[in-house]
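The values are calculated or read from the model by the stated rules, or taken from the named source; none is laboratory data. Computed from a prediction, not measured in an experiment: that's the story for all the values here. So basically every Cβ, Gly included, is an ideal-geometry build from the backbone, and we count neighbours across all protein chains shown.
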């Protein structure tokens, strides 16, 4: 059961990383299109800036699970020089639990934001006027993905501690 969960989290984080890369590439293409449309054809830009912003926010939140799974996040490893292996593992488990609590809170408030934006039909108020629940949901989705990934990281750390 534990291995199935870890494999699921690994697959999910790779899918998130792929999504983040595609969202970044799409953002670049849209910005290039924006430049051509604005400067070469003298057309006003309406939707490009908002869509690029939404894609970058989504790639940041949703891609964060992949970053965590690859251990590419920021950490203060110089502290490890002063600790034993046992205490390093304890510190990693402790900080993972703190991060898990943070993302549980972020998921809760993200859910409240998405629910309010959806039920009250909030939109950006611009010419394109997309509904706000769509970009807000990337924060909620990213938080739940990080919760899954932190649980997987805690499981791995506990397994490492038992060895």
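Key figures
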item	result
Single residue of region 66-101 satisfying the filter (under 16 Å from the mean Cα position of the chain (by Cα) and assigned to a loop (DSSP other than H, G, I, E, B)) that is modelled with the highest pLDDT	70
Residue 125 vs. criteria free of Cβ contacts under 8 Å to residues at least 60 places away in the same chain and out of contact with any strand residue (DSSP E or B) (no Cβ under 9 Å at 6 or more places or on another chain)	yes
Any hit, region 31-48, residues being part of a helix (DSSP H, G or I), at pLDDT below 95 and within 21 Å of residue 132 (Cβ to Cβ)	yes
